[in-house]
Amino acid sequence: MENLINHIIDKIKIAQEWSKNINDDIYLELSKDEITNYFDKLYYNISKWNTYYHNKEIYKIISNYKEYESIISELELCLIDYDDIISITDISLCYYELGKKLTELAGGK
Amino acid sequence: MSEKNDKIIKASTPNSKNYDSKIDIYSKDPKKTTQKDSIHFVLNSDTGKGKIITKNEGEKKQETDTQCYLTTACMKHYMEEFDDNCYYLDILRWFRNQFVSKEDKMEYYEVAPKVVKTLDSREDAYSIYQEIYYKVIQVCVRLIEYGRYAEAYKIYKNNVLDLQEKYVKKNIKNSTI
């Protein structure tokens with residue numbers, strides 16, 4: 001679980017840095033600012049998840065999981081052309097794997 | 001998420017302005033390999049419009065817009081006067097949202113782009129679309145107006161199966177010979 005969270009955070013950090021230097025353009029349906037804001041939000045919030053996990057506050061992760069899943073899904077849709085640089089498919093799949101682990105921890109609910 | 005023949009398939013709801021459903025198919029688990037090919041199918045379940053994005057390792061993505069042949073039939077019929085929010089399409093969308101099962105909707109979304117692609121390549125496309133307009137769209141809308149939903153559903157369903165048989169399966173058979 002920790003490794004998975006750390007892996008996602010590391011990849012998001014790379015994507016976050018990358019997004020600050022992209023052209024001010026529209027990427028399918030997201031602007032540069034929207035992309036940057038999304039990565040900032042993901043990094044800021046998911047960075048806290050290991051602490052929540054250690055403190056047995058899984059509910060705090062679960063309560064935000066769906067919201068960030070939708071954001072990652074949208075980022076994957078719009079930034080798939082840059083997958084070689086930011087590994088957005090990797091982020092998306094690892095996040096899904098995390099979701100499965102959370103479901104197990106929550107007792108399959 | 002399911003895994004079959006080294007493929008990973010997952011579904012999600014993107015935080016998108018245009019689409020409410022997304023299915024991702026990965027050729028292999030990107031964590032285990034550097035080869036990262038994927039297909040992403042997004043859909044707006046209200047309008048039936050979608051997009052298929054194919055991304056192969058080291059290549060630019062390829063985009064294909066999926067199409068609805070009922071909309072195309074209306075477009076061909078009304079030509080310059082076509083309106084995507086016209087009465088007929090609005091009625092059919094309402095009917096689809098109220099009565100058509102999820103399985104039938106998914107079947108339509110799968111079949112429709114293939115039908116449109118095949119029809120558009122035919123010389124008699126216009127007359128086939130006119131036939132769809134008069135024999136399916138107009139008839140279904142009249143039945144829906146009179147509350148005869150089961151009959152409308154039957155015509156819609158038979159039409160999907162008929163078009164699939166005529167233009168999709170036959171096309172697959174021909175292309176494999």
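The values are calculated or read from the model by the stated rules, or taken from the named source; none is laboratory data. What you are looking at is a predicted structure, and each value in this text was computed from that prediction instead of being measured. Note that each Cβ is placed from the backbone with ideal geometry, even for glycine, and that neighbours are counted across all protein chains shown. Just the protein is used for accessible areas: all its heavy atoms, side chains included, with ligands, DNA and RNA removed. Shrake-Rupley method; radii C 1.70, N 1.55, O 1.52, S 1.80 Å.
Quick one: which residue in B:Ser21, B:Ser27, B:Ser16 is surrounded by 13 or more Cβ atoms within 10 Å (Cβ to Cβ), touching a helix residue (DSSP H, G or I) at 6+ places or on another chain (Cβ under 7 Å), modelled with pLDDT of 75 or more and small (Gly, Ala, Ser)? Break it down stepwise before answering.
Values: B:Ser21 fails: touching a helix residue (DSSP H, G or I) at 6+ places or on another chain (Cβ under 7 Å); B:Ser27 fails: touching a helix residue (DSSP H, G or I) at 6+ places or on another chain (Cβ under 7 Å).
When all the criteria are applied, what remains is B:Ser16.
Given the residues A:Ile9, A:Ile58, A:Ile26, A:Ile91, which is the only one that is of a type outside the set (D, E, K, R) and touching a Ser or Thr at 6+ places or on another chain (Cβ under 6 Å)? Write out each step before concluding.
Numbers: A:Ile58 fails: touching a Ser or Thr at 6+ places or on another chain (Cβ under 6 Å); A:Ile26 fails: touching a Ser or Thr at 6+ places or on another chain (Cβ under 6 Å); A:Ile91 fails: touching a Ser or Thr at 6+ places or on another chain (Cβ under 6 Å).
Going through A:Ile9, A:Ile58, A:Ile26, A:Ile91 in turn, the sole match is A:Ile9.
Out of the residues in segment B:58-88 that are of a type outside the set (Ser, Thr, Tyr) and modelled with pLDDT of 80 or more, state the one that is least open to solvent (accessible area, probe 1.4 Å).
Our first condition is that a residue be of a type outside the set (Ser, Thr, Tyr); within segment B:58-88, this holds for B:58-63, B:65, B:67-68, B:70, B:73-77, B:79-86.
Next, only the ones that are modelled with pLDDT of 80 or more stay: B:58-61.
On the way: B:Gly58: 65, B:Glu59: 102, B:Lys60: 144, B:Lys61: 47 Å².
Filtering first and then ranking leaves B:Lys61.
Considering segment A:6-36 alone, what residues qualify as being aliphatic (A, V, I, L, M) and at pLDDT 95 or above?
Matches in segment A:6-36: A:Ile8, A:Ile9, A:Ile12, A:Ile14, A:Ala15, A:Ile35.
Which residues, taken from segment A:56-109, are of a type in the set (Gly, Ala, Ser), under 16 Å from A:Lys11 (Cα atoms) and open to solvent by 10 Å² or more (accessible area, probe 1.4 Å)? Before the answer, list the steps.
Applying the first criterion (of a type in the set (Gly, Ala, Ser)) to segment A:56-109 yields A:63, A:70, A:73, A:87, A:92, A:99, A:106-108.
The next check asks that each one be under 16 Å from A:Lys11 (Cα atoms); those that pass are A:73, A:87, A:92.
Within segment A:56-109, just A:Ser87 meets the criteria.
Restricting to helices (runs of 4 or more DSSP H) lying wholly in segment A:31-109: which have 3 or more residues that are more than 10 Å from chain B (Cβ to nearest Cβ) and under 30 Å from B:Gln62 (Cβ atoms)? Before you say what the answer is, go through the steps one by one.
Details: elements: A:32-46, A:49-54, A:58-79, A:83-86, A:88-105.
Counting at least 3 such residues, we get A:32-46.
In segment B:116-168, which helices (runs of 4 or more DSSP H) lie fully inside it and hold 1 or more residues that are open to solvent by less than 20 Å² (accessible area, probe 1.4 Å), closer than 18 Å to B:Glu103 by Cα and touching a Lys or Arg at 6+ places or on another chain (Cβ under 9 Å)? Walk me through it before giving the result.
Values: elements: B:125-132, B:139-145, B:149-163.
So the answer is B:149-163.
Could you run through segment A:6-30 and say how many residues are assigned to a helix (DSSP H, G or I) and open to solvent by less than 70 Å² (accessible area, probe 1.4 Å)? Steps first, please.
As a first pass, look at segment A:6-30 and keep what is assigned to a helix (DSSP H, G or I): A:6-20.
Those left that are additionally open to solvent by less than 70 Å² (accessible area, probe 1.4 Å): A:6-9, A:11-12, A:15-16, A:18-19.
Number satisfying all stated conditions: 10.
Just one of (1) open to solvent by less than 40 Å² (accessible area, probe 1.4 Å); (2) closer than 30 Å to A:Tyr27 by Cα; (3) at pLDDT below 70 trips up B:Lys32, so point out which.
Checking B:Lys32 against (1) open to solvent by less than 40 Å² (accessible area, probe 1.4 Å); (2) closer than 30 Å to A:Tyr27 by Cα; (3) at pLDDT below 70, the one that fails is (1).
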